[in-house]
Amino acid sequence: MIRQFNIDLIDVVRGISDCVDLVNSLFNHHHKRVACIALNIAQEMGLSWEEKRDILIASLLHDIGALSIKERLKYLEFESNFEAKNPYGHAEIGYNLFRDFKPFINPSLFIRYHHTYYKNVREELPLGGYILHLSDRIAISIKDGDVLKQKDGIIEKVSAQKNNMFHPDVIDAFLSISKRDSFWFDATYMPLELLTMENNLSARTVLDLDELLTLALIFHMIIDFRSRFTAFHSCGVAEIAAGLARELGFSENELKLIRIAGYLHDIGKISIPIEILEKPDILTEEEYNIIKLHAYYSYRILEHIEGLELINEWGSFHHERLDGSGYPFGIKGDGLSLGSRIIAIADVFTALIEDRPYRRGMDIDEALDNIRSLVRANKLDRYIFSVLERNVSSIGEMLSSIKQIALERFLRFYPEIKG
């Protein structure tokens, strides 16, 4: 059984970043564009390999703390008096999400300060934060059409904020490279993979199971804390799955793996607009089809991360069904491993007992009745369900405790959200 994972964290954050920007076409690969601009500026300033790597990671994650389309759209405006709009909430959330994971300590600081005005600084801040701020504002200034016709206006607008919004050294580096057409073409066509290779950037690191579990917990918060209705979901799935797996004879290392799969199973849901997740009415067919995309995106994000193949299989197939009626791949029968079947039942049970915008959560007996009907229809595994039934009292007690912990953590990130 695998106990260590040699993972390139840039592959991880690139997949998540692309998924975040899928939430609305207006964002148009915003994180990738910021990363391309920031890498060019960092290269011009002669920054070290480590600094460029951390700037790349921060660029790909900088708006992760913004909850809704409406909120993110606000940050697509080039501001001259942004302080009045209080932009720091999502930056602080991003910082708090990543600061306790050692490889992301520096990127978390860049994220924290990526809307901080240079003129307001009373102490030395990381240069990466200033580079990220300028790159973000350049990125949102680029519109569809001929970028070379736009560049003079962007240069003029940005230059006017030297020593005000932006750090003078960062502005000077930008003005130097802005003379090259290739800079603007990079910002338009976003060849991030090529720029990453040219700079020999990698964040490959060896994580043991406990460190990977910590990273998965961070991504659970990114996935689920966008809505109070899902704040508990992935950790509930993770713990139910681990409880079932323990009864089925999984080893301690396998229990950690299935917890990780539970934390990550809905990672594709970060592409779903919060306006759909919190819709109080029945979803339209189009909205339901958007919801269905999340399992597909989960699989595609995780499939590119070397070493997570088993975790991906267990987690991303949680909407597949034994009779082949599930989605997105229509896998059936023996094509679904034991781990995938466990996560599927854990996901359904957790979803049924949770409140949703359009209904109250079911009590445990009602949830079991619903799952029983799915078992009879050959959609969910009969034996795993019998294990759930036998242990439902202890599982219910465990869930109450975990739910309270998750909601307390959620309200620390979003204290303005009640209910």
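The values are calculated or read from the model by the stated rules, or taken from the named source; none is laboratory data. Remember, it's a predicted structure, so these values are computed and weren't measured experimentally. All Cβ positions, even for glycine, are placed from backbone atoms using ideal geometry, and neighbour counts span all protein chains on display. In case anyone asks, the SASA skips ligands and DNA or RNA and just uses the protein heavy atoms, side chains included. Shrake-Rupley method; radii C 1.70, N 1.55, O 1.52, S 1.80 Å.
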Worksheet item: Somewhere in the stretch 367-385, is a residue closer than 23 Å to Leu255 by Cα, open to solvent by less than 50 Å² (accessible area, probe 1.4 Å) and among the small types (Gly, Ala, Ser)?
Response: no
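Specify which of the listed residues (Asp152, Asp136, Asp144, Asp181) is closer than 23 Å to Asp63 by Cα, exposed (fewer than 14 other Cβ atoms within 10 Å of the Cβ) and charged (D, E, K, R).
Criteria check complete, one pass: Asp144.
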Item to complete: Considering every residue within the stretch 210-225, establish whether at least one is outside any helix (DSSP H, G or I), of a type in the set (Phe, Trp, Tyr) and open to solvent by 10 Å² or more (accessible area, probe 1.4 Å).
Response: no
Fill in: Filter result (farther than 20 Å from Asp8 by Cα, assigned to a loop (DSSP other than H, G, I, E, B) and of a type outside the set (Asp, Glu)) within the stretch 86-123
Asn86, Pro87, Tyr113, His114, His115, Thr116, Tyr117, Val121, Arg122
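Could you go through the stretch 142-152 and let me know if any residue there is closer than 15 Å to Ala35 by Cβ and not in a helix (DSSP H, G or I).
Yes, some residue in the stretch 142-152 is closer than 15 Å to Ala35 by Cβ and not in a helix (DSSP H, G or I).
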Worksheet item: Under 6 Å by Cβ, and 6 or more places apart or on different chains, what pairs join a residue from the stretch 192-216 that is within 14 Å of Ile55 (Cβ to Cβ) with one that is buried (at least 17 other Cβ atoms within 10 Å of the Cβ) and of a type in the set (Gly, Ala, Ser)?
Response: Leu192/Ala35
Fill in: Long-range neighbours under 9 Å by Cβ, at least six apart or interchain, first residue closer than 15 Å to His133 by Cβ and touching a residue at least 40 places away in the same chain (Cβ under 8 Å) within the stretch 149-172, second surrounded by fewer than 18 Cβ atoms within 10 Å (Cβ to Cβ) and β-branched (Val, Ile, Thr)
His167/Val121
Worksheet item: Out of all the residues in the stretch 377-389, is one or more among the hydroxyl-bearing types (Ser, Thr, Tyr) and more than 22 Å from the chain's Cα centre (by Cα)?
Response: yes
Response to the item:
For the stretch 61-85 the number of residues that are open to solvent by 50 Å² or more (accessible area, probe 1.4 Å) and either at pLDDT 95 or above or not in a helix (DSSP H, G or I) (or both) is 4
Discussion item. If I ask for residues that are among the small types (Gly, Ala, Ser) and assigned to a helix (DSSP H, G or I), which ones from the stretch 11-57 would you list?
Written reply: Gly15, Ser17, Ser25, Ala35, Ala38, Ala42
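Residue by residue, here is whether (1) of a type outside the set (A, V, I, L, M, F, W, C); (2) out of contact with any strand residue (DSSP E or B) (no Cβ under 9 Å at 6 or more places or on another chain); (3) at pLDDT 95 or above; (4) under 19 Å from Phe27 (Cα atoms) holds:
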residue	(1), (2), (3), (4)
Asn106	yes, yes, yes, no
His115	yes, yes, no, yes
Val121	no, yes, no, no
Tyr130	yes, no, yes, no
His133	yes, no, yes, yes
Leu148	no, yes, yes, no
Worksheet item: Looking only at the stretch 310-338, which residues are farther than 17 Å from Arg259 by Cβ and of a type in the set (Asp, Glu)?
Response: Glu320, Asp323, Asp334
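Taking the stated definitions as given, is Ala58 modelled with pLDDT of 95 or more, within 27 Å of Lys157 (Cα to Cα) and small (Gly, Ala, Ser)? Full working, then the answer.
Values: modelled with pLDDT of 95 or more: yes; within 27 Å of Lys157 (Cα to Cα): yes; small (Gly, Ala, Ser): yes.
Yes: the conditions hold for Ala58.
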Worksheet item: Which residues, taken from the stretch 351-370, are assigned to a helix (DSSP H, G or I) and in contact with an Asp or Glu (Cβ under 9 Å, 6 or more places away or on another chain)?
Response: Leu352, Ile353, Leu368
Discussion item. So Tyr288 ticks every box in (1) farther than 21 Å from Ile260 by Cβ; (2) touching a residue at least 60 places away in the same chain (Cβ under 8 Å); (3) among the aromatic types (Phe, Trp, Tyr) but one. Which box is left unticked?
Written reply: (2)
Worksheet item: Scanning the stretch 176-204 for residues that are under 15 Å from Ile154 (Cβ atoms) and part of a loop (DSSP other than H, G, I, E, B), which turns out nearest to the chain's Cα centre (by Cα)?
Response: Ser178
Worksheet item: Failed condition for Thr230, given (1) touching a Ser or Thr at 6+ places or on another chain (Cβ under 9 Å); (2) among the β-branched types (Val, Ile, Thr); (3) open to solvent by 10 Å² or more (accessible area, probe 1.4 Å), with all others met?
Response: (1)
